[in-house]
Every structure is written in structure tokens, then in C-alpha cells.
Amino acid sequence: MADDVEGMRDVRNPPGYELPLLLFAGFRSLIDQLHAELARQGHPDLRPAHGFAMQAIGLDGATASELGRRLGVSKQAAGKTADRLEAVGYAVRAEDPADARRKVIRLTPHGMDALARSAAVFEELRAQWAAALGPERLRGLEDDLRVMVPLSGFRLDVAGWFGP
């Protein structure tokens, strides 16, 4: 039964559209809490898109073309993202030691600090979820999500996915 007599929704049989909304709301809640804490810890200019871009740049760096492919955006859009990361001190462009014609985007110590702090904050947020749900239920949720969304299917191109 989807609705009772008074028009109340049956929470044991929710409509299908609720699942992606709940998953997105959970994601958004975690990301918003992360960025509020990062701002308190000295990273007020960091935005969610920056985190995805810094993950895509990685420890070894990336060219604008590589960054664009990893994020699912054009080379030009990746270049603008790199420009913004440079402007706020999270990345620099450097010559590739193997090919002086190539510019590699690398994370600065400030960018590496932001990633390290992000990892620590995510650990704290996960602990909060475990306290609220119980550790076994949280592990079960994570296990179930791994079944439905294998890590091999994880992609960083969220900005491109939400784009036009």
C-alpha cells in the first residue's frame, strides 16, 4: 500500500524516486559539513569542485588534457579549474621534466594539506554516522553500496555529469 487513508506515505514501501534523492542528500550533507569544517581549519576558499579536481590531479600531477578526461570536461574547462586552484594556492603549473613543452598541474603543500584535512574530516563524519546508525548498520550500508556501485565504476566527473 503506497498511501494510507489520510494520505500518509508508507515508509516501508517508498516511491522509487526517493532513493536517488536520499543518496544525494546524504552526499550533499557530508560534503557541506566537510567544507564548513575545512573553512574553520584554514581552507575557506575550497569548493566541492576543487576537491574533485585535486583528487583528479593526484599525487603525480596531471596535464590539463588529463585533468579534463578525468573530470569529464573539456581541456579548456579543466584549464579554468586549474587557474582557479592556482589563484587560491592549491595547485601550480610546472614544466614536465620529461617534456619541457608540457605543463603539469601539481598540488602545492596547501593543496596537499587540504586533502589530508579532508581525509581526517571524512573519518570524523563517518564516525558520526556510525554513532547515529550503529557501526554494523553503517558497515552494512557501505557493503550494500559497494555491491550496487563497484569501486571500478567510481568516477570523478561529477561536474561534467551535472553540466549541460
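With a 1.4 Å probe and all protein chains left in place, how much accessible area per residue does the chain have, in Å²? Please list the in-between numbers first.
Details: 10970 Å² over 164 residues.
Per residue, the chain has 67 Å² of solvent-accessible surface.
Can you work out ³J(HN,Hα) from phi for every residue in segment 30-36, in order, using Karplus 6.51 cos²θ - 1.76 cosθ + 1.60 and θ = phi - 60°, giving whole Hz and x for Gly and Pro?
These are the phi-based 3J(HN,Hα) values: 4, 5, 5, 5, 4, 6, 5 Hz.
Run the accessible area of the chain with a 1.4 Å probe and give the carbon-and-sulfur part as a rounded percent. Present the calculation step by step, with values, prior to reporting the outcome.
Numbers: 6510 of 10970 Å².
Carbon and sulfur together cover 59 percent of it.
Between segment 98-121 and segment 32-59, what is the separation of their alpha carbon centroids in Å?
Cα centroid of segment 98-121 versus Cα centroid of segment 32-59: 12 Å apart.
Let me check I've understood the local charge: for residue 57, count other residues with C-beta under 9 angstrom from its C-beta, Lys and Arg +1, Asp and Glu -1. What total comes out?
Details: positive: 70, 106; negative: 60, 66.
My count for the surroundings of residue 57 gives 0.
Could I have the simple spin-label model distance between residue 108 and residue 33, label points 7 Å from Cα toward Cβ, reported in nm to one decimal?
3.0
Expressed in whole Å with the largest first, what are the equivalent ellipsoid semi-axes of the chain derived from the C-alpha gyration tensor as the square root of 5 times each eigenvalue? It would help to have the intermediate numbers written out before the result.
Values: eigenvalues 267, 71, 42 Å².
They are 37, 19, 15 Å, listed largest first.
Collect residues whose amide H, placed 1.01 Å from N in the peptide plane, falls under 5 Å from the amide H of residue 102; neighbours closer than 5 in sequence don't count.
Result for residue 102 returns 96.
Using per-residue counts of other Cβ atoms within 10 Å, averaged over each peptide, order 90-98, 142-150, 53-61 from highest down. List each step's numbers first, then the result.
Values: 90-98: 15.1, 142-150: 10.0, 53-61: 18.1.
Ranked from most to least packed, the peptides come out as 53-61, 90-98, 142-150.
The values are calculated or read from the model by the stated rules, or taken from the named source; none is laboratory data. Keep in mind that what you see is a predicted model, and the values were worked out from it rather than measured. Glycine gets a Cβ as well: all are built from the backbone with ideal geometry, and neighbour counts include every protein chain shown. Note: areas computed on protein heavy atoms with side chains; ligands, DNA, RNA excluded. Shrake-Rupley method; radii C 1.70, N 1.55, O 1.52, S 1.80 Å.
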